[in-house]
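Peer 1: Got a structure for you, questions after.
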Amino acid sequence: MSDLKLYYFPTCPYCKKVLKVIENNDLDEIELKNINQDQEAEAELIEVGGKRQVPCLFIDGEPLYESDDIVDWLKSNLVQD
Ligand SMILES: N[C@@H](CCC(=O)N[C@@H](CS)C(=O)NCC(=O)O)C(=O)O
């Protein structure tokens, strides 16, 4: 099982799209990090990912940006058909 963290903030429409997939499929294994409330998470996103853009999914510490790519990864790796 991969270590999964989603960096997001609640008013971001791209984040909402990803969060909907997470909620609809009960993907509880993903730790959610709201960068507007958690300064440590915000700093970690910028340091590791290189930019303050959300959503970003860390997969075993590797950042994956772009909501469409994140949704595709979730559907390919976690969502049961
Ligand atoms: N193409 C990107 C767009 C992501 C995007 O524009 N996110 C905005 C928030 S809605 C962002 O992080 N902007 C930088 C900032 O707010 O500092 C995606 O689909 O994930």
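Peer 1: Show that you can apply the helix-only estimate: for the chain, add -39,500 (n - 2.57) for every DSSP H stretch of four or more residues, divide by all residues, and state [θ] at 222 nm to the nearest 500. Write out the running numbers ahead of the final one.
Peer 2: Details: 3 runs with 29 residues, N = 81.
The per-residue figure over the chain is -10500 deg cm²/dmol.
Peer 1: Tell me the angle of helix 67-77 to the major Cα principal axis of the chain, expressed in degrees between 0 and 90 and rounded to the nearest ten.
Peer 2: In the chain, helix 67-77 runs at an angle near 40 degrees to the longest axis.
Peer 1: Please give the length that would be gained between Glu31 and Ser2 if that part of the chain were fully extended, namely 0.36 nm times their separation in residues minus their C-alpha to C-alpha distance (nm, one decimal). Kindly include the intermediate steps, with their values, before the conclusion.
Peer 2: Working: separation 29, 0.36 × 29 = 10.44 nm, distance 1.14 nm.
Gain on extension, Glu31 to Ser2, equals 9.3 nm.
Peer 1: Tell me the per residue accessible area of the chain using a 1.4 Å probe; a whole number in Å² is fine. Write down the numbers at each step before the final one.
Peer 2: Numbers: 5090 Å² over 81 residues.
Solvent-accessible surface per residue comes out at 63 Å².
Peer 1: Could you tell me the accessible area of Ser2 in Å² (1.4 Å probe, neighbours in place), rounded to the nearest ten?
Peer 2: Roll a 1.4 Å probe over it and Ser2 shows about 40 Å².
Peer 1: 5 Å is the cut-off here: which amide hydrogens, built 1.01 Å from N in the peptide plane, fall below it relative to Leu64, excluding neighbours closer than 5 in sequence?
Peer 2: Residues meeting the amide H criterion: Leu57, Phe58, Ile59.
Peer 1: With the contact rule set at Cα under 8 Å and sequence spacing of 6 or more, what percent relative contact order holds for the chain?
Peer 2: Details: 107 pairs, mean separation 30.3, N = 81.
Normalised by residue count, the contact order of the chain is 37 percent.
Peer 1: Further, regarding this structure: Using a 1.4 Å probe on the protein chains only, how many percent of the accessible area of the chain belongs to carbon and sulfur? Working shown, then result.
Peer 2: Working: 2100 of 5090 Å².
Carbon and sulfur: 41 percent of the exposed surface of the chain.
Peer 1: When you take every Cα atom in the chain, what is the radius of gyration, and what is Dmax, the widest Cα pair distance, in Å?
Peer 2: According to the Cα coordinates of the chain, Rg and Dmax are 11.6, 37 Å.
Peer 1: A follow-up question, please. Determine the dipole magnitude for the chain: charges of +1 sit on the beta-carbon of Lys and Arg, -1 on that of Asp and Glu, nothing else is charged, the reference point is the Cα centre, and the result goes in debye to the nearest 20.
Peer 2: For this selection, approximately 400 debye.
Peer 1: Averaging sequence separations of C-alpha pairs under 8 Å and six or more residues apart, then dividing by the length of the stretch 1-42, give the relative contact order as a whole percent. It would help to have the intermediate numbers written out before the result.
Peer 2: On the way: 36 pairs, mean separation 21.5, N = 42.
Dividing the mean separation by the residue count of the stretch 1-42 yields 51 percent.
The values are calculated or read from the model by the stated rules, or taken from the named source; none is laboratory data. Predicted, not measured: the structure shown is a model, and the values here were computed from it. Counting neighbours? That spans all protein chains shown, and the Cβs are built from the backbone with ideal geometry, glycine included. The area values use the complete protein model at the heavy-atom level, side chains included, leaving out ligands, DNA and RNA. Shrake-Rupley method; radii C 1.70, N 1.55, O 1.52, S 1.80 Å.
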